[in-house]
Amino acid sequence: MELRDLRTFLVCARLQHFTQAAEELAYAQSTVTAQVRSLEKELDVPLFDRVGRGVVLTPAGQRLEGYARRIVDLVEEASATVAFVGSQPHGDLTISATETLSTFQLPDVLREFQRRFPDVRLFLRPHDPADLVARVVEGDSAAAITLDVPISHPDLTVETLREEEVWLLAPPDHPLAGRRRLGSADLAPFRLLLSELDVSYGGAFIDRLAAEGVVPIDPMEFSSVAAIKQCVRVGMGLTALPAFASTEEVESGQLVVLPFACPSVTVQLLWHRHRWVPPAAEALLALTRELLGQPSRVDSAGP
């Protein structure tokens, strides 16, 4: 089997579409079709069934997918390992992170990484926590930095750096601002403003209310933490945000912290436990530990 044919097969399996696979690979569609047929002829089984305009893997294709991924990963690991012997990290590196961390915690890490490793071209892809996990599992990102409740996945190594406090925030003139203690029922009449990209802390907060029988009034979702804070400031509702993302507004008196115990979240590093971690990704993970971490807890051996 040709390595290029296996690479093409994997892209077709992921996209479930020959035309889209050809576009991603910069091939003619006839080339993609020919490479898939070459595999099918060699193995003497069909690998794809046509469904509408797309394709799906046959049982034989599903069986081949795992082997193909391991073969391609092993070849890439061998090539990269030999290329990096005795050299500084270099080349392209794609990582994923949650929007809140990308905005408030990672700029200093990325600046220092760029200073130490100028030959690495870094691509940071913001994702919501669930999609971020998928990007690492599928190999689209070499590693990820997330803010979430504790994650467990059979294909991932998860390292917890530290716990982050989450605050319930309101404008200073809010009816609840002067209270010494609040229960979930006290929040029922008020609208919640939440992040659609970082659903972890907002989701944990909603789950806490639901466990106590409180259903919020139609929560509003925003793609920007800055927009959430501004809308809370003008009285549109309450929000739950990590303390590090709202310290400036609280210290300046634009927002106040309400006396309600929101579930905390943790900063976690993720990488695939069965794939080779490039030296540039190892360097970024180490730097993130150095700048953001406390004594960490790891659920399996690190890179």
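Coordinate-derived values only; no laboratory data. Note that the coordinates shown come from a computational prediction; the quantities given were computed from them, not determined experimentally. With ideal geometry, Cβ positions are generated from the backbone for all residues, glycine too; neighbour counts draw on all protein chains shown.
Any idea what angle helix 3-15 forms with the longest principal axis of the chain, computed on alpha-carbon atoms, 0 to 90 degrees, nearest 10?
40 degrees
So for the pair F190, R273, with labels modelled 7 Å out along Cα→Cβ, what separation do we get in nm?
Modelled inter-label distance: 4.1 nm.
Label-point separation (nm) for F123 and R289, each offset 7 Å from Cα along Cα-to-Cβ?
About 2.7 nm, to one decimal.
Compute the semi-axes of the equivalent ellipsoid of the chain, taking the square root of 5 times each eigenvalue of the Cα gyration tensor, and list them largest first in whole Å.
With the √(5λ) rule applied to the chain, the semi-axes are 43, 24, 16 Å.
Report the gain in length on full extension from V250 to R181: 0.36 nm times residue separation, minus Cα-Cα distance, nm rounded to one decimal.
23.0 nm
Rounded to two decimal places and with Rh computed the Kirkwood way over Cα pairs, what is Rg over Rh for segment 166-263?
Checking Rg against Rh, the ratio lands at 0.91.
Determine, from the Cβ-Cβ distance of E221 and K41 and an R0 of 35 Å, the FRET efficiency 1/(1 + (r/R0)^6), rounded to the nearest 0.05.
Taking R0 as 35 Å, the efficiency between E221 and K41 is 0.10.
Would you calculate the separation in nanometres between label points at S79 and A60, each defined as 7 Å from the Cα along the Cα-to-beta-carbon direction?
It works out to 2.7 nm between the two label points.
As a test of the formula, what do you get for the chain when each DSSP H run with n ≥ 4 contributes -39,500 (n - 2.57) and the sum is divided by the residue count, at 222 nm and rounded to the nearest 500 deg cm²/dmol?
-13500 deg cm²/dmol, from helical runs alone.
Suppose R0 equals 25 Å. What FRET efficiency, 1/(1 + (r/R0)^6) with r the Cβ-Cβ distance, do E212 and E165 give to the nearest 0.05? Could you put the intermediate results ahead of the total?
Values: r = 20 Å, r/R0 = 0.81.
The computed FRET efficiency comes out at 0.80.
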